[in-house]
Amino acid sequence: MLLFAGLGNPGAEYAGNRHNIGFMVVDAIARRHGFAPWRKQHHGLATKGPMDGHQVMLLKPMTFMNRSGISVGDAAHFYKIPPQDVVVFHDEIDLEAAKIRTKTGGGTAGHNGLKSIGAHFGSDFRRVRIGVGHPGHREKVHGHVLRDFSKDDLEWVDPLIDAIAEAAPHLAAGDDAGFTNAIALTRGGGA
């Protein structure tokens, strides 16, 4: 089994925040691939389903961003999922808006959700970094990520999320480069 975790904060007041793009992505994957309804599990909401011959669990931690590792670690340990089979979708302020990058392991760049996962599970998991842009000044970061996407942003957010959901089977197959390429092709070369 693979674990795809989308990071975000629970509650309607956070639903449209930049910080919640991970939740938006796993919701889109669940819809696109016909996963079962979400259930409360592992300190979060989870669903399972097949994806091109692979069993995948989608997870939205309900522990708030800064404690995401409690949920991700619990699910990974329960199912004995190794780090290379855990993919975390998260917002990335150090990437230009609408850009994506995949990587395995590494630092957290100050992202509290990644710090928490590292503390509970280690840092060798796979990441899909989704650019939400930087506000320009360090002291504005908190407000930036906890602000909803604007109507103009939704012109790139919705198509990008759809492209990620469509390309997700590449991640299930362990083909991170193929995932990135599929998104670039879907978006006309703009990943």
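Near His77, once Lys and Arg are set to +1 and Asp and Glu to -1 for all other residues with Cβ below 15 Å from its Cβ, the sum equals -2.
What does the charge count near Ala172 come to, summing +1 for each Lys or Arg and -1 for each Asp or Glu among other residues with Cβ under 10 Å from its Cβ?
Values: positive: none; negative: Asp52, Asp85, Asp175.
Summing Lys/Arg as +1 and Asp/Glu as -1 gives -3.
Think of each Lys and Arg Cβ as +1 and each Asp and Glu Cβ as -1; about the Cα centre, that makes the dipole of the chain roughly 440 debye.
Could you tally the net charge around Ser116, taking each other residue with its Cβ under 14 Å from the Cβ of Ser116, Lys/Arg +1 and Asp/Glu -1? Working shown, then result.
Details: positive: Arg67, Lys115, Arg127; negative: Asp74.
It works out to a net charge of +2.
Looking at the chain only, what percent of DSSP beta bridges run antiparallel? Nearest 5 please. Write down the numbers at each step before the final one.
Working: 17 of 31 bridges.
Taking every DSSP beta bridge with both residues in the chain, the antiparallel ones total about 55 percent.
In loop segments of segment 14-95 as defined by DSSP, the trypsin sites (Lys or Arg not before Pro) with at most 10 further C-beta atoms inside 10 Å of their C-beta are Lys80. Residues Phe35, Phe64, Phe78 in ascending order of nearby Cβ atoms (within 10 Å, fewest first): Phe78, Phe64, Phe35. Distance from the Cα centroid of segment 101-128 to that of segment 55-98 is 9 Å (rounded to whole angstrom).
Within segment 111-140, whose backbone N sits under 14 Å from a point 7 Å along Cα→Cβ of Glu96? 131-134, by backbone N distance to the label point. For the chain, a Gaussian network of Cα nodes joined below 10 Å ranks Gly22, Gly105, Gly136 by mean-square fluctuation, and the top entry is Gly136.
For the chain, the tally of Lys pairs with Cα-Cα distances below 17 Å comes to 6, considering only residues 8 or more apart or on different chains. Each residue of segment 171-185 is assigned a 3J(HN,Hα), and the resulting list reads 5, 4, 7, x, 9, 5, 5, x, 4, 4, 5, 4, 5, 4, 5 Hz, derived from the Karplus form 6.51 cos²θ - 1.76 cosθ + 1.60 (θ = phi - 60°), x at Gly and Pro. Considering only Phe4, Gly118, Val26, and ranking their Cα positions along the charge dipole of segment 2-186 that arises from unit charges at the beta-carbon of Lys, Arg, Asp and Glu, the one farthest toward the positive end is Gly118. The magnitude of the dipole of segment 3-97, with charges of +1 and -1 set on the Cβ of Lys/Arg and Asp/Glu and taken from the Cα centre, is near 480 debye.
Once volume of the Cα convex hull per residue in Å³ is calculated for the structure shown, the corresponding label among (1) 117; (2) 133; (3) 105 turns out to be (3).
The numbers here are math on the coordinates, done by the rules we state, and not lab data. As the structure is a prediction and not an experimental result, all values here were calculated from the model. Backbone-built Cβ (ideal geometry, glycine too); neighbour counts: all protein chains shown.
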